[in-house]
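Down below is the structure, laid out as structure tokens.
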Protein chains: 2
Amino acid sequence: MSHASQHTMPHHSVAILIIGNEVLSGRTREANAWFAAKTLFDVGCKLSEVAIVPDIHEQIVFTLKRLHQNYDAVITSGGIGPTHDDITMQAVSDAFDVPLLEHADTIKVMTDFYGEDALTEGRRRMARLPHGAKPIICEQSICPGALINNVYVFAGVPHIFASQLESVLGSFSTGKAFHRTEIEANLPESSFARELSDIQAQYADIEIGSYPGRCGNKPTGKICISGTDKTKIEHVKQQIETMLKDKQKT
Amino acid sequence: MSHASQHTMPHHSVAILIIGNEVLSGRTREANAWFAAKTLFDVGCKLSEVAIVPDIHEQIVFTLKRLHQNYDAVITSGGIGPTHDDITMQAVSDAFDVPLLEHADTIKVMTDFYGEDALTEGRRRMARLPHGAKPIICEQSICPGALINNVYVFAGVPHIFASQLESVLGSFSTGKAFHRTEIEANLPESSFARELSDIQAQYADIEIGSYPGRCGNKPTGKICISGTDKTKIEHVKQQIETMLKDKQKT
């Protein structure tokens, strides 16, 4: 499904499940899937799918099961705070048919941090993990994420999400970082579409994307070349630049 | 699945399908689902799901069928340009098992615009529509989007996407705009989680979201109240503010 899937590394196909009404109602611009996409690309792993769903129990459970079955790993974002709309840990537990339990070690860490009197019902909610899950500890929060089966449960707050991803990034690294380079074509996409397609057909392990741009009133194109082999990327770039020069002459 | 789904208006549940490797590889930050979420919220329609998939034919077809069956309407974004990675119109045709054909009226419009000699293979690609689809004409592009069954096929370029959405927005308007208001709580979420949950339980048609914030080193909360009834939103806001004041005293 992606270049990374050609390797037999752990987690070569990855989906992200964003949970939160605030994204679907336009209150909040999605940031974590974007951050993860960039971070995973740099360690040689490309996202296969992103799903954004509301804080609705059945929809989270259904989507989580689908992604868990279709991909090597799933990262969820959001819904692990203390309030009524934070229902991700319960949904993950139900998706794997295990109970959601207070995690003794986390309760201890939180008691040491807040003091016993301040361990409110809300905070105790955040110390619950699906039975059998491993806590994901990061530098930015005392409340853990969770790893159960192939599902990584992360917070929605961007700096905590980033820190949690950082703490498990080794499991996503294929050992072959992706690279990309771009060409600004001073021609409309439609004028070089066929030639670009012919070049793409020559390379199974290089991905060529073409995106429309605009220079003043004139339509132009941006061509993006990506893959794991920097030398080959450079070679393809030169081939495309030569093709574009020839086009401009005609 | 959303407040809007309580009405019997057209398109009360809507999903968006974003198609493009550039989003999943972190090259481009997703913008169209975010724009649509805000625009639809303002006309009383909340998104039920967003899916982001790569430029892979089977994955687009599979996801489109799933969303088409589960929701009243689907909006797709991206993949309708002239290059090899623009495969959305073919995928939509295959999802509905109809041929992808050149659209005579569009060919005529493009011939008038570009002149017959400049109607390249790439441009002809952009004049194809799934058989039976209606072209979606907008102010920002000569190449049409398409409406087939309950699926709206839009461009990925943000200003064209926005213009195409604008041109069909009437079909998404429930006649009851959503509104939202927010409260900055000077307390951590965990301290008012239970009381907020009790207030939410009193209102089926008001949605209360709670999001963590931070004031210096102190964790705080942002409470978002939304719904179609402005008076009720204001009432709930006052009820929450009173609750927070009581909390702060204790």
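Given the residues B:Gly122, B:Gly115, B:Gly145, which is the only one that is surrounded by 20 or more Cβ atoms within 10 Å (Cβ to Cβ), at pLDDT below 95 and within 30 Å of A:Lys247 (Cα to Cα)?
Criteria check complete, one pass: B:Gly122.
Would you point out the residue of the stretch A:114-128, among those that are part of a helix (DSSP H, G or I) and not basic (Lys, Arg), that is nearest to A:Ile75 (Cα to Cα)?
Selected residue: A:Gly122.
I want to confirm something. Restricting to the stretch A:30-81 and keeping residues that are free of Cβ contacts under 8 Å to residues at least 12 places away in the same chain and of a type in the set (S, T, N, Q), which single residue is nearest to the other protein chains (Cβ to nearest Cβ)?
A:Gln59
Restricting the first residue to the stretch B:206-217 and requiring it to be more than 9 Å from chain A (Cβ to nearest Cβ), which pairs with a second residue that is in a loop (DSSP other than H, G, I, E, B) and modelled with pLDDT under 95 meet a Cβ separation below 8 Å and a spacing of at least six or different chains?
B:Cys215/B:Asn186
Quick one: which residue in A:Thr228, A:Thr220 is in contact with a Leu (Cβ under 8 Å, 6 or more places away or on another chain), among the hydroxyl-bearing types (Ser, Thr, Tyr) and away from every other protein chain (no Cβ under 11 Å)?
Residue meeting the stated conditions: A:Thr220.
Quick test for you: out of B:Gln164, B:Gln90, B:Gln140, pick the one residue that is assigned by TED's automatic domain parsing to the domain that holds B:Ile16, farther than 30 Å from A:Arg66 by Cα and in contact with a strand residue (DSSP E or B) (Cβ under 8 Å, 6 or more places away or on another chain).
Every option except B:Gln164 fails the conditions.
If B:Pro99 satisfies all but one of (1) within 11 Å of another protein chain (Cβ to nearest Cβ); (2) surrounded by fewer than 19 Cβ atoms within 10 Å (Cβ to Cβ), what's the number of the condition it fails?
(1)
Report whether or not A:Ser173 is modelled with pLDDT under 95 and under 24 Å from A:Arg66 (Cα atoms).
It is true that A:Ser173 is modelled with pLDDT under 95 and under 24 Å from A:Arg66 (Cα atoms).
Of the residues in the stretch A:204-243, how many are surrounded by 19 or more Cβ atoms within 10 Å (Cβ to Cβ), over 27 Å from the mean Cα position of the chain (by Cα) and over 16 Å from A:Asn186 (Cα atoms)?
Qualifying residue count, the stretch A:204-243: 1.
Could you check the stretch A:182-205 and list, in sequence order, the residues that are among the polar types (S, T, N, Q) and within 11 Å of chain B (Cβ to nearest Cβ)?
Matches in the stretch A:182-205: A:Ser190, A:Ser191, A:Ser197, A:Gln200.
Restricting attention to the stretch A:170-177, does a residue exist that is under 22 Å from A:Phe96 (Cβ atoms) and within 13 Å of the chain's Cα centre (by Cα)?
Yes, the stretch A:170-177 has at least one match.
Assess whether B:Ala162 counts as being more than 14 Å from every other protein chain (Cβ to nearest Cβ) and either at pLDDT 95 or above or over 26 Å from A:Arg194 (Cα atoms) (or both).
Spelling it out, it is not the case that B:Ala162 is more than 14 Å from every other protein chain (Cβ to nearest Cβ) and either at pLDDT 95 or above or over 26 Å from A:Arg194 (Cα atoms) (or both).
More than 10 Å from chain B (Cβ to nearest Cβ), within 16 Å of A:Ile148 (Cα to Cα) and not β-branched (Val, Ile, Thr): which single residue out of A:Ala104, A:Ala91 fits that description?
A:Ala91 is the lone residue from the list that is more than 10 Å from chain B (Cβ to nearest Cβ), within 16 Å of A:Ile148 (Cα to Cα) and not β-branched (Val, Ile, Thr).
Name every residue in the stretch B:1-22 that is at the interface with chain A (Cβ under 7 Å from one of its Cβ atoms) and modelled with pLDDT of 80 or more, in order of residue number.
Listed by number, the residues that qualify are B:Asn21, B:Glu22.
Before we move on, is A:Ile137 more than 9 Å from every other protein chain (Cβ to nearest Cβ), out of contact with any Phe, Trp or Tyr (no Cβ under 8 Å at 6 or more places or on another chain), over 29 Å from B:Ile142 (Cβ atoms) and part of a strand (DSSP E or B)?
For A:Ile137, the condition - more than 9 Å from every other protein chain (Cβ to nearest Cβ), out of contact with any Phe, Trp or Tyr (no Cβ under 8 Å at 6 or more places or on another chain), over 29 Å from B:Ile142 (Cβ atoms) and part of a strand (DSSP E or B) - is met.
Are there helices (runs of 4 or more DSSP H) fully within the stretch B:19-96 with at least 3 residues that are surrounded by fewer than 24 Cβ atoms within 10 Å (Cβ to Cβ)? List them.
Correct list: B:32-42, B:57-70, B:88-95.
Being outside any helix (DSSP H, G or I), more than 13 Å from chain A (Cβ to nearest Cβ) and either of a type in the set (Val, Ile, Thr) or in contact with a Cys (Cβ under 9 Å, 6 or more places away or on another chain) (or both) is the requirement here; does B:Thr111 meet it?
No, not satisfied.
Could you check, for the stretch B:114-128, whether at least one of its residues is assigned by TED's automatic domain parsing to the domain that holds B:Glu22, in contact (Cβ under 8 Å) with a residue 40 or more places away in the chain and not basic (Lys, Arg)?
Yes, the stretch B:114-128 contains a residue that is assigned by TED's automatic domain parsing to the domain that holds B:Glu22, in contact (Cβ under 8 Å) with a residue 40 or more places away in the chain and not basic (Lys, Arg).
The values are calculated or read from the model by the stated rules, or taken from the named source; none is laboratory data. Not measured: the values here are computed from a predicted model. Note that we place each Cβ from the backbone using ideal geometry, even for glycine, and neighbour counts take in every protein chain shown.
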